[in-house]
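Novice: Could you have a look at this structure, given as structure tokens, before my questions?
The values are calculated or read from the model by the stated rules, or taken from the named source; none is laboratory data. Being a predicted model, the structure only gives us computed values, none of them experimental. Here the Cβ is made from the backbone with ideal geometry for all residues, glycine too, and neighbour counts use every protein chain on show. What goes into the accessible areas is simple: the full protein's heavy atoms, side chains included, and nothing from ligands, DNA or RNA. Shrake-Rupley method; radii C 1.70, N 1.55, O 1.52, S 1.80 Å.
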Amino acid sequence: MAHYKDERTLVIIKPDGLQRSLVGEIIKRYEQLGLKLVGVKMVVPTEEHIEKHYTIDPEWRRITGEKTIKGYKDKGLTPPSEDPFEVTAKILRGLMKYMTSGPVIAMVWQGAHAIELVRKITGGTEPLKSDVGTIRGDYVLDSYQMSDSDGRSVRNLVHASGSKDEAEKEIKHWFSKEELINYRLIQEQILYDVNLDGLLE
Ligand code: ADP
Ligand code: MG
């Protein structure tokens, strides 16, 4: 079985993250957590690539639709439709436009609990509701109400894989095996070494 420290997750700095000059700030946060960058590239994705990326998990359409409908109801608002699939179809069209509008930075980060921790410091999907201290909570101000009334995707700077299964499929979708580098990071000794017997001279 793979060790905890081998867990990998996909992060994409979306076009707005790059245009807002937040690349360094965003990378810094994952880096300071103790994660290791094992793959990185800048690309302008195609619509096909983005559609495949979001529909890689067959459940994503239903889950995203339900999550969005709940978001409306929690705020006492009426959702655009009661059918989660209809809601998601519209979101997907917006995403294809948003994510192909300019360069993005795709990265693979590795470390213990990488998937869950990256989601935690990235913050919830809607910036209006994302926690203070998270990337989406601290650096951007979008909401479902505003993105909806403008008929576009909510702009939240970053994508991060939501589960082990998603991470595995998304990493394969964005990176070839050769583009991911296996190497040792010196700080891993203080993070994972059991005996800590290599510090004192
Ligand atoms: P997350 O990126 O937090 O995993 P989802 O997988 O649910 O969120 O959705 C993917 C992306 O689609 C979001 O990051 C956001 O850019 C966009 N999006 C999701 N729900 C909505 C919505 N209700 N209205 C507009 N855009 C949305
Ligand atoms: Mg998601």
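Novice: Please work out which residue is nearest to the chain's Cα centre (by Cα), limiting yourself to region 146-198 and to residues that are open to solvent by 80 Å² or more (accessible area, probe 1.4 Å) and either within 10 Å of ligand 1 (Cβ to nearest atom) or under 20 Å from residue 17 (Cα atoms) (or both).
Specialist: Top of the filtered list is 155.
Novice: Another question about this same structure. Give the residue that is nearest to ligand 1 (Cβ to nearest atom), with candidates limited to residues of region 129-138 that are crowded, with 20+ Cβ neighbours inside 10 Å and either over 15 Å from the mean Cα position of the chain (by Cα) or in contact (Cβ under 8 Å) with a residue 24 or more places away in the chain (or both).
Specialist: 130
Novice: With the structure loaded, tell me whether residue 195 is assigned to a loop (DSSP other than H, G, I, E, B), within 23 Å of residue 2 (Cα to Cα) and at pLDDT 95 or above or whether it fails that test.
Specialist: Answer is no for this residue.
Novice: Residue check: is residue 93 open to solvent by less than 80 Å² (accessible area, probe 1.4 Å) and either within 20 Å of residue 44 (Cβ to Cβ) or modelled with pLDDT under 95 (or both)?
Specialist: So residue 93 fails the test.
Novice: Filter region 57-83 down to the residues that are among the charged types (D, E, K, R) and either more than 14 Å from ligand 2 (Cβ to nearest atom) or touching a Gly at 6+ places or on another chain (Cβ under 7 Å) (or both) and list them by number.
Specialist: 70, 73, 74, 75, 82, 83
Novice: Considering only residues that are open to solvent by 90 Å² or more (accessible area, probe 1.4 Å) and touching a helix residue (DSSP H, G or I) at 6+ places or on another chain (Cβ under 9 Å), which ones fall in region 65-87?
Specialist: Listed by number, the residues that qualify are 67, 78, 82, 85, 86.
Novice: With the checklist (1) more than 16 Å from ligand 2 (Cβ to nearest atom); (2) open to solvent by 20 Å² or more (accessible area, probe 1.4 Å) in hand, flag the one item residue 39 doesn't pass.
Specialist: Evaluating residue 39 over (1) more than 16 Å from ligand 2 (Cβ to nearest atom); (2) open to solvent by 20 Å² or more (accessible area, probe 1.4 Å) leaves (2) as the failure.
Novice: When both residues are 6+ apart or on different chains and their Cβ atoms are under 7 Å apart, which pairs have a first residue that lies in region 148-171 and is under 15 Å from residue 60 (Cβ atoms), and a second that is within 9 Å of ligand 1 (Cβ to nearest atom) and of a type in the set (Gly, Ala, Ser)?
Specialist: Filtered contacts from region 148-171: 153/94; 153/147; 167/161; 170/161.
Novice: Could I ask something else about it? Residue 117 - would you say it is more than 13 Å from ligand 2 (Cβ to nearest atom), under 23 Å from residue 93 (Cβ atoms) and surrounded by 19 or more Cβ atoms within 10 Å (Cβ to Cβ)?
Specialist: Considered against the rule, which asks whether it is more than 13 Å from ligand 2 (Cβ to nearest atom), under 23 Å from residue 93 (Cβ atoms) and surrounded by 19 or more Cβ atoms within 10 Å (Cβ to Cβ), residue 117 comes out as no.
Novice: Among the residues of region 10-64, how many are more than 19 Å from residue 155 (Cα to Cα), free of Cβ contacts under 8 Å to residues at least 40 places away in the same chain and away from ligand 1 (no atom under 16 Å from the Cβ)?
Specialist: 4
Novice: Another question about this same structure. Quick one: how many residues across region 119-128 are more than 11 Å from ligand 1 (Cβ to nearest atom) and within 17 Å of residue 9 (Cβ to Cβ)?
Specialist: Selection size over region 119-128: 2.
Novice: Just checking, which of 86, 7, 31 is closer than 28 Å to residue 102 by Cβ and away from ligand 2 (no atom under 16 Å from the Cβ)?
Specialist: Answer to the check: 31.
Novice: For region 62-138, please list each of the helices (runs of 4 or more DSSP H) lying entirely inside it that holds at least 3 residues being within 30 Å of residue 181 (Cα to Cα) and touching a strand residue (DSSP E or B) at 6+ places or on another chain (Cβ under 9 Å).
Specialist: In region 62-138, the matching helices (runs of 4 or more DSSP H) lie at 114-122.
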